[in-house]
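Visitor: To start, I am sharing the structure in question, which I have written as structure tokens.
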Amino acid sequence: MALFPLTPINAYNAAIDMNKTLRELNTQYAGQIPQLKIGIGIHYGSAMLGIVGQKHRLEGTVISSAVNTAAHVESLTKQYKCSVLTTKDTIAQLARSQPFKFRFVDHAFLKSSHSSIELYQLIDAEEEFRKQLLSNYLPLYAYAVKTYKENDQENALKALEEYLDKIDNDFVASRLYNTIKALQNSTPKPH
């Protein structure tokens with residue numbers, strides 16, 4: 001766990017740098033060791049930082065619901081096959097002129113409460129070719145998400161089909177497509 005004061009900008013930059021360095025290490029040691037992967041969860045909020053323990057065994061710790069949420073977001077990186085996930089609340093802390101690109105992933109329920117959070121992928125953490133590909137088709141993906149959130153399942157599916165024709169190996173988009181398809185199939189048709 002790492003803490004970044006005041007703004008999530010440094011957390012996003014650190015996540016991008018960590019992924020870049022990991023790709024370089026994987027290239028350097030290709031064939032010698034298995035490919036390494038990381039998952040980073042970024043969430044913003046206040047926290048209580050302190051030292052706990054006994055005289056001969058002290059350790060620093062951080063306690064807050066924001067820390068628990070960040071840990072939960074990090075655990076979801078495996079499920080969504082994203083190297084960096086963040087929350088809508090964290091993105092909201094950025095200035096309008098922020099340089100990062102994000103895309104909606106899903107709504108996720110927190111283990112510790114009955115509330116949900118909106119998850120977003122940090123596109124900038126992807127390798128350069130994939131980052132460019134995702135960025136090029138981000139408006140189409142964003143349209144699919146917008147229509148999905150407006151309960152326009154038909155247009156959301158059409159947009160995602162077009163998107164998946166362009167980017168065929170996109171787990172997040174495929175998962176969203178399957179979610180909408182399942183919703184559409186479970187919705188009773190009017191007689």
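Rule-based calculations on the coordinates, nothing more; no lab input. Computed from a prediction, not measured in an experiment: that's the story for all the values here.
Visitor: Over segment 13-64, how many percent of alpha carbon pairs lie in each 10 Å bin up to the one with the longest distance?
Guide: Binned Cα distances yield the sequence 19, 27, 24, 25, 5.
Visitor: Follow-up. How far, in nm, would the chain grow between Q184 and K88 when pulled straight, counting 0.36 nm per residue and subtracting the alpha carbon separation?
Guide: 32.0 nm
Visitor: With the cut-off at 13 Å, report for segment 120-166 the share of all Cα pairs above it, as a whole percent.
Guide: Summing the P(r) of segment 120-166 above 13 Å gives 56 percent of all pairs.
Visitor: Still on this structure, please answer the following. Under 1.5 on a/c is rounded, so check that first for segment 80-191, then, if it is not, pick prolate when a/b is larger than b/c and oblate when it is not; a ≥ b ≥ c are the square roots of the alpha carbon gyration tensor eigenvalues.
Guide: The shape class here is oblate.
Visitor: Still on this structure: To test your reading of the geometry: what angle, between 0 and 90 degrees and rounded to tens, separates the Cα axis of helix 171-186 from the longest principal axis of the chain?
Guide: That works out to roughly 50 degrees.
Visitor: Can you bin segment 14-163 into rounded, prolate or oblate? Criterion: square roots of the alpha carbon gyration tensor eigenvalues sorted a ≥ b ≥ c, rounded for a/c under 1.5, prolate for a/b above b/c, oblate for the rest.
Guide: Oblate, because a/c is 1.5 or more while a/b does not exceed b/c.
Visitor: Further question on the same structure: In deg cm²/dmol and to the nearest 500, what is the mean residue ellipticity at 222 nm of the chain if only DSSP H runs of at least 4 residues count, each as -39500 (n - 2.57), divided by the residue total?
Guide: When only DSSP H runs of four or more count, the value is -15000 deg cm²/dmol.
Visitor: Nearest 10 degrees is fine. How inclined is helix 65-80 to the longest principal axis of the chain, computing both from alpha carbons?
Guide: Approximately 50 degrees, to the nearest 10.
Visitor: Separate question: By how many nm would the segment from I33 to S116 lengthen if fully extended, with 0.36 nm per residue of separation less the alpha-carbon distance?
Guide: Gain in length upon complete extension: 26.1 nm.
Visitor: Step through the table entries K111/K131; K37/K158; K37/K88; K37/K149; K20/K111, compare each Cα-Cα distance with 27 Å, and write down the pairs that go over it.
Guide: K111/K131; K37/K158; K37/K149; K20/K111
Visitor: Once the Cα atoms of helix 153-166 and of the chain are each reduced to a long axis, what angle between those two axes, in degrees from 0 to 90 to the nearest 10, is obtained?
Guide: 70
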